[in-house]
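A.B. asks: Can you keep this structure in mind? I'll have questions shortly.
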Amino acid sequence: MKLGFVGLGNMGLPMARSLLSAGYEVAVWNRSAARGEPLVKQGARAVASPAEAARGAEVVFSMLADDSAAEGVAFGPQGIISGLAKGAVHVSSSTISVALSQRFTDAHASAGQGYVAAPVFGRPEAAATKQLWVVAAGAKADVERCRPLLEALGRGLTVLGEQASMANVVKLSGNFLIASMLEALAEAFAFTRKSGIEPKQFMELFRAVFANSPIFERYAQAIAEEKYSPAGFAMRLGLKDVGLVLEAARAAEVPMPLASLVRDQYLSGVAQGHGDLDWSALGALVAERAGLPKGR
């Protein structure tokens, strides 16, 4: 099966590599062409545009940072939709708005193409070791056609239904849960630390109590050790995702006051110049407001 892959960032690069290692032919495109060189050495074919990545492919993946980037590679004369054949499928693994996902559904349907939303849960290291969890939605025939590809990316796949944007709702909800957890962790570590308890000591107790929650433990460790760089998932992307949650919640008439609070925390961090730190750097913001020194 011939595939295309558009977007070779921290997540896209290892995902494309997983598809290559599974034996698929993959044409790759990235705005910075040098990002694709390691994949070319492994047998991928570098192309000059998203349209060319889609041309001749049965399935083309896209993995971009935000709505603007995802929209930019999909539409226009050099976009995925213009290059993709009728009957072929676009799989968007980007964390995008529900509204844009619906636009993709409509645009691909008008072009006689399939569209599957398949965002993933997991950091870059999970993508590199095929430990992602994929959440997919779209027309049943399209999802089933893509199932072997999606299963090649991670340790599990959840199929939600035939409305593609359902997968985006679930992805945004999951990211909101993680963002809220980070705020709670940041406050707990600042509170215990200012009360004279060493972060290392609190972390040991935390491990004992929450031993079965690797996500919880990973982020708690980052806050305890104040290790926020390099970012697995940047704070500015956390701000973007919580903003998308609130946008979708407003459209659905669902009040989410905690999401508003977390959004403002991330907005504060980005405004202070911390947008490229890991989103767990909420720990640093809360500690600073508590009057705690850095680098303990």
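A.B. asks: Does residue 199 qualify as being buried (at least 21 other Cβ atoms within 10 Å of the Cβ) and not acidic (Asp, Glu)?
C.D. replies: Against the criterion (buried (at least 21 other Cβ atoms within 10 Å of the Cβ) and not acidic (Asp, Glu)), residue 199 qualifies.
A.B. asks: Follow-up question, since we're still on this one. Could you list, in sequence order, the residues of region 195-205 that are farther than 20 Å from residue 285 by Cβ and in contact (Cβ under 8 Å) with a residue 12 or more places away in the chain?
C.D. replies: Scanning region 195-205 gives a single hit, 200.
A.B. asks: If you don't mind, another one. Need at least 1 residues that are in contact (Cβ under 8 Å) with a residue 60 or more places away in the chain and on the phi > 0 side of the Ramachandran plot per element, so show me which strands (runs of 3 or more DSSP E) inside region 1-72 make the cut, counting only ones lying wholly within it.
C.D. replies: Correct list: empty, since no element meets the threshold.
A.B. asks: Can you pull out the residues in region 244-296 that are more than 25 Å from residue 226 (Cα to Cα), of a type outside the set (Val, Ile, Thr) and touching a helix residue (DSSP H, G or I) at 6+ places or on another chain (Cβ under 6 Å)?
C.D. replies: Matches in region 244-296: 244, 246, 248, 256.
A.B. asks: Of these, 281, 231, which one is out of contact with any Lys or Arg (no Cβ under 8 Å at 6 or more places or on another chain) and outside any loop (DSSP other than H, G, I, E, B)?
C.D. replies: 281
A.B. asks: Here is a follow-up. Considering 87, 56, 76, 36, which residue is over 29 Å from residue 173 (Cβ atoms) and modelled with pLDDT under 95? Write out each step before concluding.
C.D. replies: Numbers: 87 fails: modelled with pLDDT under 95; 56 fails: modelled with pLDDT under 95; 36 fails: modelled with pLDDT under 95.
Testing whether each residue is over 29 Å from residue 173 (Cβ atoms) and modelled with pLDDT under 95 leaves just 76.
A.B. asks: Give 239, 205 a once-over and let me know the one that is under 15 Å from the mean Cα position of the chain (by Cα) and either aromatic (Phe, Trp, Tyr) or part of a helix (DSSP H, G or I) (or both).
C.D. replies: Numbers: 205 fails: under 15 Å from the mean Cα position of the chain (by Cα).
From the options 239, 205, the qualifying one is 239.
A.B. asks: Additional query: Taking region 242-278 as the region of interest, how many residues are assigned to a loop (DSSP other than H, G, I, E, B), out of contact with any Leu (no Cβ under 8 Å at 6 or more places or on another chain) and touching a residue at least 40 places away in the same chain (Cβ under 8 Å)?
C.D. replies: 2
The values are calculated or read from the model by the stated rules, or taken from the named source; none is laboratory data. Nothing here was measured: the structure is a model prediction, and the numbers come from that model. All Cβ positions, even for glycine, are placed from backbone atoms using ideal geometry, and neighbour counts span all protein chains on display.
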